[in-house]
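Written below as C-alpha cells is the structure these notes are about.
The values are calculated or read from the model by the stated rules, or taken from the named source; none is laboratory data. Keep in mind the model is a prediction, meaning the values are calculated, not measured. All Cβ positions, even for glycine, are placed from backbone atoms using ideal geometry, and neighbour counts span all protein chains on display. With ligands, DNA and RNA removed, areas are computed over all heavy atoms of the protein, side chains included. Shrake-Rupley method; radii C 1.70, N 1.55, O 1.52, S 1.80 Å.
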Amino acid sequence: MTEAPTVKLPDVITYNPEVARQTLPFDPFDPDFHADPYPHYNAIREQSGSAFRTAEGVVAVFGYEEASSVMKDPRFGWGVNPMVADQFVENPTSGESGRILMFMDPPDHTRIRGLVSKAFTPKMIAQLRPKAAQYAEELLAKALADSPDGRVDLQDVLSRPLPALVLSDMMDIPSRYHPLFFANTKESGRGLDPGFTLTDEQKAGRNAARDVFIDAGVELVAARRANPGDDLISELVKAEQEGDRLTEWELAMLLMNLLAAGFGATAAMIGNEVYNLLSHPEQVDWLRSHPDQMPAAVEELLRYDSTLAMVTRTALEDAEVAGIPVSKGEYVVVMMGAANRDPASFPDGDKLDITRPSTRNLGFGHGIHFCVAAPVARMIAQEALGALIKHDVRLAEEGPERWPGTSLRVIGKLPIVLGPVLGT
C-alpha cells in the first residue's frame with residue numbers, strides 16, 4: 001500500500017460555513033441541494049469520480065462499492081471523531097464519556113450490539129406486524145373522519161404516530177411520553193451532522209433534545225428494573241452474554257438511541273417513501289396489483305431516496321480508499337445517498353423502479369453498524385404504505401416541507417389528499 005501523506009485536518013468543530021463548503025464535497029447550506037441533492041451528486045461524481053479528496057483534504061466517497069468497502073473495513077470507525085465528538089455524553093455519576101451504539105467502535109460496540117441483538121428477534125417482529133397493520137388502518141380512518149376534504153399532513157396523521165404506537169407496544173412506553181418525544185425529534189435528528197454545519201444555538205437545541213431522550217431512558221430503565229414485564233426494555237435489562245450485562249448508563253444511552261431513531265428516523269423514512277411513491281402514480285398502480293411485492297418496493301424506495309444521506313468515518317490506522325492513501329486520524333465522508341444511485345451498481349439509478357431485481361442499498365448502513373432495528377423499521381414502513389395505497393390518495397399541490405439537516409433527509413410536513421378506501 002502506498003504510504004499515506006500527512007494532511008492537515010480541518011477544524012470540523014467550530015461553526016464555519018466556508019470551512020464546511022471546502023471540507024464536504026457539497027455545499028450544505030445550498031437550498032437547491034437541500035431540496036434535491038441527486039443532480040448535484042451526479043455532477044460531482046462525473047467531475048471527480050467515485051472517491052476523491054475535497055479542497056480541505058477529506059476523502060469523499062460517492063461509489064456504491066467503495067462506500068460498502070469503507071463501511072465494512074475495520075480500519076475505519078468513529079475513533080475520537082471531532083465531527084461528532086460533542087455528542088459523546090458524560091455520565092453524571094462516573095464522569096466517563098458515554099457513546100450511543102451508533103458512535104461506538106469495537107470491542108464496546110461488539111459487546112453491546114451482541115446483547116441488544118438478543119432482544120430483536122423475528123418472533124417479536126412477527127408478533128408486532130398485525131398490530132402495526134391495524135394501527136395504520138385506524139390512523140388513516142381517523143384522519144379521514146377528522147378531515148372531510150381529506151387534506152391532511154401525512155407526517156402528523158401516520159408517519160409519526162404509527163412508529164410511536166408500535167414502539168410503545170414493543171417497549172411498553174407510556175403514552176404520556178409521546179408528545180415529549182415528538183417535540184424533540186427535529187432537533188435530535190441533527191446528531192449526525194458535523195459540528196461545523198451547526199451554530200451554537202442549533203447545537204444547544206440538539207443537545208437539549210438528546211438529554212430529553214436520555215432522561216426518559218433513565219426513567220424507563222428504573223421502572224422496568226422495579227417491575228419487569230414482557231417488553232423490549234425488560235429484555236434489555238435481563239439480556240446477558242457470557243455473564244456480561246448492560247450497565248444502567250449503557251442502557252440509558254442505548255434507549256436514547258432507540259427512542260430517537262424510532263420516533264424520528266422511522267417517521268422520516270415513511271415520509272420520504274410515501275412522497276416518492278405518490279410522485280410516481282404508475283408505480284402506485286402496479287403495487288396495488290402486486291401487494292406481495294411491498295417488501296421489495298420499500299427497499300427500492302429506500303435506495304432511491306435514502307433517509308441516511310451521509311456518514312463520517314475516521315481512519316483508525318493507515319488505510320486506503322479506492323487507491324487513495326488515508327493516514328490514521330483522517331476523515332472520510334461516505335455519501336450514502338449518492339452511493340445508492342451509483343450508475344456503476346444501479347443501471348438507470350435515478351429512476352424509481354419497484355420491480356428492480358436487486359434490492360440492495362445502504363439506507364440502513366452497512367457492516368457492523370448496520371441498523372440493529374432495521375427489521376422493525378422495515379416492517380412499519382411496509383404496513384404504512386400497504387394501508388395507505390388501499391385508499392384513493394394523492395399528493396397535495398403545496399408540496400413537502402423539509403427539515404434542515406446535512407446527514408438525514410427528513411420531510412417535516414407532507415400534505416396529501418386522502419380519499420376513501422378504494423372499492424368502498
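A few comments on the model shown:
- Looking at LEU192, LEU198, just one residue is closer than 25 Å to THR23 by Cβ, touching a helix residue (DSSP H, G or I) at 6+ places or on another chain (Cβ under 9 Å) and at pLDDT below 90, and that residue is LEU192.
- ARG356 being open to solvent by 10 Å² or more (accessible area, probe 1.4 Å), closer than 30 Å to ALA126 by Cα and touching a residue at least 40 places away in the same chain (Cβ under 8 Å): yes
- Residue list for segment 225-240, restricted to those being aliphatic (A, V, I, L, M) and under 14 Å from ILE112 (Cβ atoms): LEU236, VAL237, ALA239
- Some residue of segment 145-160 being modelled with pLDDT of 90 or more and within 22 Å of VAL372 (Cα to Cα): yes
- Restricting attention to segment 103-118 and to residues that are within 14 Å of PHE370 (Cβ to Cβ) and of a type in the set (Val, Ile, Thr), the residue that is modelled with the lowest pLDDT turns out to be VAL116.
- Failed criterion for ARG224 (all others in (1) touching a residue at least 60 places away in the same chain (Cβ under 8 Å); (2) open to solvent by less than 30 Å² (accessible area, probe 1.4 Å) hold): (1)
- Any hit, segment 336-351, residues being surrounded by fewer than 17 Cβ atoms within 10 Å (Cβ to Cβ), closer than 23 Å to MET294 by Cα and of a type in the set (Asp, Glu): yes
- Qualifying residues in segment 385-404 (those that are open to solvent by 30 Å² or more (accessible area, probe 1.4 Å) and in a loop (DSSP other than H, G, I, E, B)) - the one farthest from LEU192 (Cα to Cα): LYS390
- Counted residues, segment 11-50 - those being touching a Ser or Thr at 6+ places or on another chain (Cβ under 7 Å), outside any loop (DSSP other than H, G, I, E, B) and open to solvent by 40 Å² or more (accessible area, probe 1.4 Å): 1
- Filtered by the rule that a residue be farther than 15 Å from VAL19 by Cβ and assigned to a loop (DSSP other than H, G, I, E, B), segment 51-68 gives PHE62, GLY63.
- Residue check, GLU330 in contact (Cβ under 8 Å) with a residue 40 or more places away in the chain, within 30 Å of GLN134 (Cβ to Cβ) and of a type in the set (D, E, K, R): no
- Lone unmet requirement of (1) without any contact (Cβ under 8 Å) to a residue 40 or more places away in the chain; (2) out of contact with any Lys or Arg (no Cβ under 9 Å at 6 or more places or on another chain) for PRO343: (2)
- The residues of segment 139-183 that are on the phi > 0 side of the Ramachandran plot and either touching a Cys at 6+ places or on another chain (Cβ under 8 Å) or open to solvent by 20 Å² or more (accessible area, probe 1.4 Å) (or both) amount to a single one, ASP172.
- The residues on offer are ARG356, ARG402, ARG360, and the sole one that is of a type in the set (Lys, Arg), more than 21 Å from the chain's Cα centre (by Cα) and closer than 19 Å to TYR38 by Cβ is ARG356.
- For segment 81-102, residues that are out of contact with any Gly (no Cβ under 9 Å at 6 or more places or on another chain) and either in a loop (DSSP other than H, G, I, E, B) or at pLDDT 70 or above (or both) total 8.
- Residues satisfying the stated conditions in segment 242-274, i.e. touching a residue at least 24 places away in the same chain (Cβ under 8 Å) and surrounded by fewer than 19 Cβ atoms within 10 Å (Cβ to Cβ): ASP244, ARG245, GLU248
Quick grid of which residues meet (1) farther than 21 Å from CYS371 by Cβ; (2) of a type outside the set (A, V, I, L, M, F, W, C); (3) under 19 Å from the mean Cα position of the chain (by Cα):
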| residue | (1), (2), (3) |
| --- | --- |
| ASN184 | no, yes, yes |
| ALA208 | yes, no, no |
| ALA216 | no, no, no |
| GLU219 | yes, yes, no |
| SER234 | yes, yes, no |
| VAL237 | yes, no, no |
| LEU246 | no, no, no |
| LEU254 | no, no, yes |
| ASN257 | no, yes, yes |
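- Selection of segment 368-384 for residues being more than 17 Å from ALA267 (Cβ to Cβ) and either without any contact (Cβ under 8 Å) to a residue 40 or more places away in the chain or open to solvent by less than 30 Å² (accessible area, probe 1.4 Å) (or both) yields PHE370, VAL372.
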